[in-house]
Amino acid sequence: MKNILVTGACGQIGSELSLVLRKRYGSDNVIAAGHITKPSDDLYNSGPFVFLDCTKIETISDVVSKYKIDSIYHLAALLSAVAESKPQQAWDVNMNGLYNILEVSREYKCAVFVPSSIGAFGTNTPQDNTPQDTIQRPNTMYGVTKVAGELLCDYYFKRFDVDTRGVRFPGIISNVTLPGGGTTDYAVEIYYEAIKQRKYTCFLKSGTFLDMMYMPDTIKAAIDIMEANPDVLIHRNAFNVSAMSFAPEDIAAEIKKHIPDFVMDYNIDPVRQAIAESWPNKMDDSSAMIEWGWKPEYDLSSMTKDMLEKLCNKLQINI
């Protein structure tokens, strides 16, 4: 039986991943950990919850030892836009926090999942069908920490035999938890505003294509890679994974099929626009498909239908 620790469990991915892991492995076997954000009632009441600061190694060691943890999903991090406004804090949380997780995992023989991101690429990276192995020269602190994190995880696997694994997530779209400071946040906000206001002001330009993924596929990727046979993994940190690629006007057009009077205008955020333009339009995820059978279940059409249905129920609004 696995004993799993999820750091960053109150965040966009962690809050939903923790609940799925509890259903899969048993509520008492999944320890959700947060630091600043208060956990939701569902997360807090469904199993053990601890407050943990990943920049303090002794707090990680205490939790891993107490709960006999053998697998860690390390999600605690500052996201792209926030990291760019607080680069020193981003380095501390994203890099020193990861180093601490890896050191504790080396001591206690834990397997570790660490998400990377499309932010690990830069303006010199091929933007269409971005290869699994390609140039990675990001120009943001978030991207720098993701590239360094990939390399550090590979080092701990090769040097200390720590079972590290990861994927490069695209933008994540969820109907449960709002994002927290990412460049792809518009793709979540637009659904809420479409239902509530029939209008949305987008902070990215039309024609700005980005890789995206619906949260059920995000959770599926994280669990599938950790359950994969290690003997078949050639790449570990980290696999390209993709589900769909679209520009703001594409998601607006899809929403209009369900809400015909929906309109979208633009007020460009230069910081997030510059970040978006440095990221891939679409990643080549064939290595993940070949090595561990990755296959997404949602495209833009099926995601939009599900998002609108779930959010209408949540907000108690008819469209």
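Derivation of every value follows stated rules applied to the coordinates shown; laboratory data play no part. Note that this is a predicted model, so its numbers are computed, not measured. Neighbour counts run over all protein chains shown; Cβ positions are idealised from the backbone, glycine included.
Brief remarks on what is shown
- According to the Cα-based calculation, Rg over Rh for segment 156-237 is 1.12, with Rh computed by the Kirkwood formula.
- Antiparallel %, DSSP beta bridges [both residues in the chain], to 5: 10
- Taking the Cα centre of segment 1-154 as origin and assigning +1 to Lys and Arg Cβ atoms and -1 to Asp and Glu Cβ atoms, the resulting dipole is close to 260 debye.
- Members of LYS68/LYS158; LYS86/LYS310; LYS38/LYS196 lying beyond 32 Å, as alpha-carbon distances in this model show: LYS86/LYS310
- Length available on full extension from LYS66 to ASN45: 0.36 nm per residue minus the Cα-Cα distance, which gives 5.6 nm.
- Amide N of segment 1-26 lying under 19 Å from the label point, which is placed 7 angstrom from the Cα of LYS86 along Cα→Cβ: 7-15
- Packing around the peptides 72-78, 37-43, 252-258, 220-226, taken as the average count of other Cβ atoms within 10 Å per residue, puts them in this order, highest first: 72-78, 220-226, 252-258, 37-43.
- Dipole size of segment 1-89 about its Cα centre, with +1 on Lys/Arg Cβ and -1 on Asp/Glu Cβ: approximately 160 debye, rounded to the nearest 20.
- Two-site label geometry, LYS305 and ASP133: point separation in nm, points 7 Å out along Cα→Cβ: 4.0
- Where the Cα pairs of segment 219-319 fall when distances are cut into 10 Å bins, in %: 12, 31, 31, 21, 5, 0
- The convex hull around the C-alpha trace of the chain, projected and averaged over every direction, spans 15.0 square nanometres.
- Reachable lysines, given that their alpha-carbon falls under 19 Å from the alpha-carbon of LYS66 and they are not under 8 places away in the same chain: LYS2, LYS56, LYS109
- Taking amide H as placed 1.01 Å from N in the peptide plane, VAL50 has its amide H under 5 Å from the amide H of ALA32, ALA33, GLY34, each at least 5 places away in sequence or on another chain.
- Amide N of segment 186-213 lying under 16 Å from the label point, which is placed 7 angstrom from the Cα of GLN316 along Cα→Cβ: 196
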